1. Starting from the stretch 3-31, keep only residues that are in contact (Cβ under 8 Å) with a residue 40 or more places away in the chain, then list their pairs with residues that are assigned to a helix (DSSP H, G or I) and basic (Lys, Arg) whose Cβ atoms are within a distance under 6 Å, requiring at least 6 positions of separation or different chains.
2. Within the stretch 275-283, can one find any residue that is assigned to a loop (DSSP other than H, G, I, E, B) and touching a residue at least 60 places away in the same chain (Cβ under 8 Å)?
3. Of Ile43, Ile21, Ile72, Ile64, which residue is among the β-branched types (Val, Ile, Thr) and more than 25 Å from Glu134 (Cβ to Cβ)?
4. Could you list, in sequence order, all residues of the stretch 65-75 that are within 17 Å of Tyr30 (Cβ to Cβ) and at pLDDT 95 or above?
5. May I ask you to list the residues in the stretch 10-30 that are of a type outside the set (Val, Ile, Thr) and under 28 Å from the mean Cα position of the chain (by Cα)?
6. Looking at the stretch 127-163, which of the residues that are of a type in the set (D, E, K, R) and outside any helix (DSSP H, G or I) is surrounded by the most Cβ atoms within 10 Å (Cβ to Cβ)?
7. For the list (1) crowded, with 17+ Cβ neighbours inside 10 Å; (2) not in a loop (DSSP other than H, G, I, E, B); (3) not hydrophobic (A, V, I, L, M, F, W, C), I need the number of the one condition that Glu248 fails.
8. Would you confirm whether or not the stretch 298-315 contains a residue that is surrounded by fewer than 16 Cβ atoms within 10 Å (Cβ to Cβ), assigned to a loop (DSSP other than H, G, I, E, B) and hydrophobic (A, V, I, L, M, F, W, C)?
Amino acid sequence: MTKERINALRKQFTNNYEAVIITNLNNVRYLCGYTGSNGTLVISKKAAMFFTDFRYQEQSQREINGCAQIIICKNGEDKGVFEKINEMGIKALGFEKSLDVGRYLQFAQLFKGDKLIPTENLVEELRQYKDKEEANALQTAFDIADNSLAALLDDICLGMSEIDIAALLEFYMKINGSEMPSFDTIVASGPNSSCPHHQPTERKIQNGDMLKIDFGATYKGYHSDMTRTFFIGKASAKFKKIYKIVAEAQRKAIEAIKIGEECKKIDAIARKVITDAGYAKNFGHGLGHSFGLEIHEKPAFSPLNPSTIQVGHTYTVEPGIYLPGWGGIRIEDSFMITKDGLHRFTNFPNDLIELDLPVSKEN
């Protein structure tokens, strides 16, 4: 599979450069399977070379598995990379636009050719289209998250803090097989839930609170993403009303997802439901994003994205309404576009759930 990906990258080459240097480690992993924290990949029209240092010699040999020549650099990785590039006589070299300025200046000093040419989203364009292997890894990550949330709800109690709940959820994800959280777990209770990306605090949950949890697991480097908003005790009429609006916005958007449709149209469908209900100013983020080796990838459901939905794309669908001083409700599920229709990764129910929680023994 990695050889196929490298060949697909070569087909994206322009006549402006003879080779590209890949420094984004997620892109390196996608192209050759290497999962370490230090490594550079150079791909020309005929050769693929991976450069790292002694620390990753055994790991790279185990993971790269013949799709690229492995070169262990003894006097600095970048120096070793450009010794080889210059030896090959490369005159025009593409590099990733995401490269930081300091390293670019290092490249410019070491490169003996004529042109360093920035490329943008060269590998990321390929990463938009998930294959069967990637889909399987994603499904495992989502299954871990689903199971971990179910275990969490069996254990949480009144009086636990947002920080406690986030830590417990991350613990369950870890013992269920997650490599790490997809991102910093969001646990927001009561009025804190009006902040879309609230950071957990010492605030303790109590009856009458809404509880918003946004989290994900990772498996083989692939990220899951899901949000659920619960009510602790008997849900208020206002909570039920807004939950129904958000759920309807999500449902209509999901029903409209199809191959060839514009991403901005899907966003507009959900946004219209919320706008018609009088909450336009309380839904200020895009409807969803892609995910894979990174938690936020392209394409995205946003008002500004005219690109079209294609087989292999992944998307979250996560409308929300956020009312400062009261709280916020977001419902997020995740999908993959297949030739046979929409595959749903998230299996945890997204109906309104009221939690009848015991009191913490520590309180």
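1. Here the result reads Tyr30/Arg127; Leu31/Arg5, each pair linking the stretch 3-31 to a residue that is assigned to a helix (DSSP H, G or I) and basic (Lys, Arg).
2. Keep residues of the stretch 275-283 that are assigned to a loop (DSSP other than H, G, I, E, B), which gives 277-279, 283.
When the remaining residues are screened for being touching a residue at least 60 places away in the same chain (Cβ under 8 Å), the result is none.
Taking every residue of the stretch 275-283 in turn, none turns out to be assigned to a loop (DSSP other than H, G, I, E, B) and touching a residue at least 60 places away in the same chain (Cβ under 8 Å).
3. Ile72
4. Passing the criteria: only Ala68.
5. Residues of the stretch 10-30 that are of a type outside the set (Val, Ile, Thr), as a first pass: 10-13, 15-19, 24-27, 29-30.
Answer for the stretch 10-30, where residues must be of a type outside the set (Val, Ile, Thr) and under 28 Å from the mean Cα position of the chain (by Cα): Arg10, Lys11, Gln12, Phe13, Asn24, Leu25, Asn26, Asn27, Arg29, Tyr30.
6. Start the filter on the stretch 127-163 by keeping residues that are of a type in the set (D, E, K, R), which leaves 127, 130-134, 143, 146, 154-155, 162.
Within this subset, residues satisfying the condition of being outside any helix (DSSP H, G or I) are 130-131.
Values: Lys130: 24, Asp131: 11.
Restricting to residues being of a type in the set (D, E, K, R) and outside any helix (DSSP H, G or I), the top hit is Lys130.
7. Of the numbered conditions (1) crowded, with 17+ Cβ neighbours inside 10 Å; (2) not in a loop (DSSP other than H, G, I, E, B); (3) not hydrophobic (A, V, I, L, M, F, W, C), the odd one out for Glu248 is (1).
8. yes
The values are calculated or read from the model by the stated rules, or taken from the named source; none is laboratory data. This is a predicted model, so every value here is computed, not measured. Positions of Cβ are generated from backbone atoms using ideal geometry, with glycine treated the same way; all protein chains shown enter the neighbour counts. Each accessible area value is taken on the protein alone, full model and side chains, heavy atoms only, with ligands, DNA and RNA left out. Shrake-Rupley method; radii C 1.70, N 1.55, O 1.52, S 1.80 Å.
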